[in-house]
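Engineer: Mind looking over this structure? Questions follow.
The values are calculated or read from the model by the stated rules, or taken from the named source; none is laboratory data. Values in this document were obtained by computation on a predicted structure and should not be read as measured data. Cβ placement follows ideal geometry from the backbone for every residue including glycine, while neighbour counts extend to all protein chains displayed.
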Amino acid sequence: MPLVTTTEMFKKAYDGGYAVGAFNVNNMEIVQGITEACQEQHAPVVLQVSKGARAYANHTYLVKMVEAAVIECPDIPIALHLDHGPDFETCKACIDGGFSSVMIDCSSRPFDENVEETKKVVEYAHAHGVVVEAELGTLAGVEDDVKVSAADSSYTHPEEVEEFVTRTGCDSLAIAIGTSHGAYKFTPEQCTRNADGVLVPPPLRFDVLEEVSKRLPGFPIVLHGSSSVPREFVDKINKFGGKMPDAIGIPEEELRHAAQLSVCKINIDSDIRLAITASIREHFAEHPDHFDPRQYLKPARQAVKDMVTHKLINVLGCNGKA
Ligand code: G3H
Ligand code: 13P
Ligand code: ZN
């Protein structure tokens, strides 16, 4: 099937109590690792491209690689989405350039400016058969060149969501309930320790999610910053010469719970980076003589595939839903 929008996949996810994985793509091995897992698990998927990914890999290369995945994975719906579109011009370039979905992220601007820019993108996107994700509330962490400190982040105000969705006409809404971007989502001071001394992060604000959902019945909600930062990857990176002290993510059980509620799209990027880095560090430590990139990129691609397979089945619940 050709590239699809997220409309149908979100409706099925909402009704079915699961979420679709939205994975960031930056090169061929990442596209292949994700889509091979989804094809095997018969799972719908969103492949998303950030401003940084377009700068790194080039818009055309990314679109053509995703189009190749569509051909290679004929049984599953694949959407191509702009992640954190910073302005109308970037969204327009992606709408004109083959994407089926865009995010306009004006969440750090005042409410009325966010409404105006989002509305402008929605009008252009809908006229071209493309859907739009918008955001209300600010996540802490790093996205492209924008750094938001924990002090400047704020949970979504549920009382704003109906007006925002009505005025903008957006198709899905990203909200802030305590997730954040990157591999260091919480400081050790924000966490408690379990009996084994392992850091346990503060819980997500499910009360905010529930209040938003009450006000927007049937409307698809998106969670950004949803990598779990698996211990096994961090330990492997540290074991083989890396240095990632205190990396910590969102517990899988919390994401599974969100997926059963109104959250239809869960964004994962950092876990891909960690899977690749852990695999390559281990490979170089064990095979110091290797210099053919295929020798270390093949297991790295497999590590992405294994990680995504685990998410589809154990976190998102979207396996078998294509
Ligand atoms: O939200 C941020 C994503 O992880 C994309 O990261 O802007 O470094 O490509 P990037
Ligand atoms: P992570 O950094 O938690 O993977 O979040 C990715 C994301 O939200 C992309 O938009
Ligand atoms: Zn994000």
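Engineer: When only residues in region 63-108 that are farther than 30 Å from Gly320 by Cα and among the acidic types (Asp, Glu) count, which is nearest to ligand 1 (Cβ to nearest atom)?
Structural biologist: My answer is Asp105.
Engineer: Looking at Thr187, Thr179, Thr166, Thr156, which one is crowded, with 23+ Cβ neighbours inside 10 Å and either more than 12 Å from ligand 2 (Cβ to nearest atom) or without any contact (Cβ under 8 Å) to a residue 40 or more places away in the chain (or both)?
Structural biologist: Thr156
Engineer: Considering every residue within region 42-54, establish whether at least one is within 16 Å of ligand 3 (Cβ to nearest atom), surrounded by 17 or more Cβ atoms within 10 Å (Cβ to Cβ), assigned to a loop (DSSP other than H, G, I, E, B) and in contact (Cβ under 8 Å) with a residue 60 or more places away in the chain.
Structural biologist: no
Engineer: Failed condition for Asn238, given (1) in contact (Cβ under 8 Å) with a residue 12 or more places away in the chain; (2) outside any loop (DSSP other than H, G, I, E, B), with all others met?
Structural biologist: The single condition Asn238 does not satisfy is (1).
Engineer: Then there is this: Checking His84 against (1) of a type outside the set (Phe, Trp, Tyr); (2) part of a helix (DSSP H, G or I); (3) within 16 Å of ligand 3 (Cβ to nearest atom), only one condition comes out false. Which one?
Structural biologist: (2)
Engineer: Does region 217-237 hold any residues that are more than 14 Å from ligand 2 (Cβ to nearest atom) and surrounded by 19 or more Cβ atoms within 10 Å (Cβ to Cβ), and which are they?
Structural biologist: Phe219, Pro220, Lys236, Ile237, listed by residue number.
Engineer: Among the residues of region 114-153 satisfying the criterion of being of a type in the set (D, E, K, R) and away from ligand 2 (no atom under 15 Å from the Cβ), which is modelled with the lowest pLDDT?
Structural biologist: Checking each candidate, the answer is Asp152.
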